[in-house]
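Remarks on the structure that follows.
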Amino acid sequence: LCGVEIQQNPSNMCVSCLRDKTDITEGIHKQVSLHSCRSCGRFQCPQWQHMALESKELMAVCLRKISGLSRVKLIDAVWIWTEPHSMRLKIKITIQKEVMNGAILQQATVVDFIIRNLQCKNCEASYAQGAWHAVVQVRQRVNHKRTFFYLEQIILKHDAQADCLRIVTFRDGMDFYFKEKNQALRFNDFLSCHVPTKVKYSRKLVSADHCSNVGDFKHNFLIDIAPICKDDLLVLPADLARNLSNISRVVLVKRVGAGLHVIDPFTAERNEVNTEKYWRYGFQAVLNSRQLIRYVVLAVEPLLQTQRPSARVRGGGKMRLAECVVAREDDLGANDSQFSCVSHLGHILNEGDIVLGYDLTNINWNIDEEIKDMKQFQGNMPDLILVRKFYGSKGERRWGLKQLAVETAEGDEAVEEERDGPDREGFLQEIDGDKEMRKQINLYRKGPAMKLSGANGEMEEEEEDKNQGEKKKGKKSGKRNGVNKKKISAEVGQKRGAMETDGPDKDAEEDLDDEEVRLEELLEDMALSGDGALAGVDEDAIVLAPEVAAAMPALLVKGFDEASYDLKDFNSLKV
């Protein structure tokens, strides 16, 4: 028709003339509606399901909604990147069809999917009156909310709040509302796996049909969390201490999980108090984290560690005993009061560090006199107990935490202030210095640390500048205390070398303190780039020989798992 020289093909026409004369995309809808629930973010397919944008599951749903696609042979399908807030999805599909004289025409086209809001049945029921049938009331009788901050992150990581209709916060706890009783039971089991709990169940009759013997109940689960938190100082009952391998009665709470993981701060012996044993004895904490005092480490003297044959140590012997000389941070420059104590933090403490501890000199123990006669103390109680190293905020943190969408109960507006108050800052400081806790939650990058176009060198330079600033800060602290940090560090290294077979070098000494937040521990939201989104896609239209077209697969969708989706023959699917 146009007189252009071409290679021989069954239609004896060039691509341009064949495309102008025949359009194989005719009959395929270029715009399709896709319904999504604005509240829960699920898509209708036809059941409501959670699917990520530009995922293989969502592509399978979109391809099934394209009308007229069953009359052609689908070769390829790829996502075209769109803004998440545009409420549009685009898929470029490549199809084949026989046009004339056995000639196979291959052509690509773009199908637009318009996301329209439609409320799902679950969200519709959640806004109705009396939609919930089970409520889980979580309570902890303490004067802070650090445990609930930790539970919030655990719930978010495991998506345990997915079935909640609403969440209401109170001064001493939270209420979780569910549509079904089984959902509340699963949530109870989840909480019992992460904190020591005690459950009390009750129900209220709403309506009943005596003819069919069917009733409608409101189920209530009251969960009491043990009033013991991380870093609390405990005095165990004598019987319980003997049952736990005869551990010392004065212990610190190292970690709170399904049980209480305790550690003896004077011998570094560890053990666990399970939920059954705790509720049997029902002891309380002597001191909590709100009574911690800052101390400055003046000197560290490693000690040879001897272990009792009956002692139970879990997680390896990472912690080391050391004799530390400290002074109150508030007393520096005012008096020369110094304290000497034995601590289990010898593996991370260095001269000039800030450490948090309990002052035992001005405390009314309110316990029996047996503890003062313990062989361990030889009739004299220690002046203080060091709890953990204080890392501080060090400026703006490079990481952040997600929060649950909660409602505040009437009359408890102060709860919102507590979330951003001292308790929350104390919780963030615990995360800064506890590697084990960070493994249980998700940390996300934020601020300058997250650069989409930045190279690794830029991140390393920022980290190096941060480390240099910390070193300068440490030098100033050493001068203020009137001691030489390099000299003390060298002496500590020599003494540690005497305790070990291989003497640690400078790098190994720095690696001992691995409790700080590392960049590789942080997560960041996945973002798809527009570059190369159409890489590997064929031209808009080409003419293929019949034998070549028959050898091509019926469908090749990038990123599909053929084991999960049988899409080799798309013509078999119902459109």
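The values are calculated or read from the model by the stated rules, or taken from the named source; none is laboratory data. Keep in mind it's a predicted model, so treat the numbers as computed, not measured. Methodologically, a virtual Cβ is constructed for each residue, glycine included, from the backbone with ideal geometry; neighbour enumeration extends over all protein chains shown. Note: areas computed on protein heavy atoms with side chains; ligands, DNA, RNA excluded. Shrake-Rupley method; radii C 1.70, N 1.55, O 1.52, S 1.80 Å.
None of Gly352, Gly316, Gly392, Gly333 is on the phi > 0 side of the Ramachandran plot and at pLDDT below 65 except Gly316.
Taking segment 34-50 as the search range and keeping residues that are open to solvent by less than 50 Å² (accessible area, probe 1.4 Å) and closer than 15 Å to Phe113 by Cα, which one is modelled with the lowest pLDDT? Step by step, filter segment 34-50, then rank; the result is Cys45.
Can you tell me how many residues in segment 320-348 are of a type in the set (A, V, I, L, M) and assigned to a strand (DSSP E or B)?
First, the residues of segment 320-348 that are of a type in the set (A, V, I, L, M): 321-322, 325-327, 332, 334, 342, 345, 348.
If we keep only those that are assigned to a strand (DSSP E or B) as well, we get 322, 325-327, 342, 345.
Residues that pass the stated criteria total 6.
Checking each residue in segment 177-200 for being more than 21 Å from Ala125 (Cα to Cα) and either among the hydroxyl-bearing types (Ser, Thr, Tyr) or open to solvent by 10 Å² or more (accessible area, probe 1.4 Å) (or both) picks out Asn188, Asp189, Phe190, Ser192, Cys193, His194, Thr197, Lys198, Val199, Lys200. Among residues of segment 128-176 being among the acidic types (Asp, Glu) and open to solvent by 20 Å² or more (accessible area, probe 1.4 Å), the one that is modelled with the lowest pLDDT is Asp172. Here Arg203 fulfils each of the conditions (1) within 19 Å of the chain's Cα centre (by Cα); (2) surrounded by 13 or more Cβ atoms within 10 Å (Cβ to Cβ) apart from (1). Can you tell me which residue in segment 108-124 is nearest to the chain's Cα centre (by Cα), limited to those that are within 26 Å of Arg166 (Cα to Cα) and either of a type in the set (Lys, Arg) or open to solvent by 30 Å² or more (accessible area, probe 1.4 Å) (or both)? Once the filter is applied, the top-ranked residue is Asn122. Could you go through segment 367-385 and let me know if any residue there is out of contact with any Ser or Thr (no Cβ under 6 Å at 6 or more places or on another chain), open to solvent by less than 40 Å² (accessible area, probe 1.4 Å), more than 30 Å from Ile247 (Cβ to Cβ) and at pLDDT 80 or above. Within segment 367-385, not a single residue is out of contact with any Ser or Thr (no Cβ under 6 Å at 6 or more places or on another chain), open to solvent by less than 40 Å² (accessible area, probe 1.4 Å), more than 30 Å from Ile247 (Cβ to Cβ) and at pLDDT 80 or above.
Across segment 267-289, what is the number of residues that are more than 16 Å from Ser192 (Cβ to Cβ), out of contact with any Lys or Arg (no Cβ under 6 Å at 6 or more places or on another chain) and open to solvent by less than 30 Å² (accessible area, probe 1.4 Å)?
Of all residues in segment 267-289, those more than 16 Å from Ser192 (Cβ to Cβ) come to 267-271, 280-289.
Next cut, out of contact with any Lys or Arg (no Cβ under 6 Å at 6 or more places or on another chain) only: 267-269, 280-289.
Then keep just the ones that are open to solvent by less than 30 Å² (accessible area, probe 1.4 Å); that gives 268-269, 283, 287, 289.
Qualifying residue count, segment 267-289: 5.
Scanning segment 247-274 for residues that are basic (Lys, Arg) and closer than 17 Å to Asn288 by Cβ yields Lys254, Arg255.
Inside segment 232-255, residues that are within 26 Å of Asn143 (Cβ to Cβ), of a type outside the set (A, V, I, L, M) and open to solvent by 10 Å² or more (accessible area, probe 1.4 Å) make up a count of 4. Contact map, segment 42-60: residues that are more than 20 Å from Lys92 (Cα to Cα) and in contact (Cβ under 8 Å) with a residue 12 or more places away in the chain paired with residues that are open to solvent by 60 Å² or more (accessible area, probe 1.4 Å) and not basic (Lys, Arg), Cβ distance under 6 Å, separation 6+ or inter-chain. Pairs shown: Arg42/Gln49; Arg42/His50; Gln44/His35. Exactly one residue out of Leu89, Leu53 is within 30 Å of Cys164 (Cα to Cα) and open to solvent by 70 Å² or more (accessible area, probe 1.4 Å): that is Leu53.
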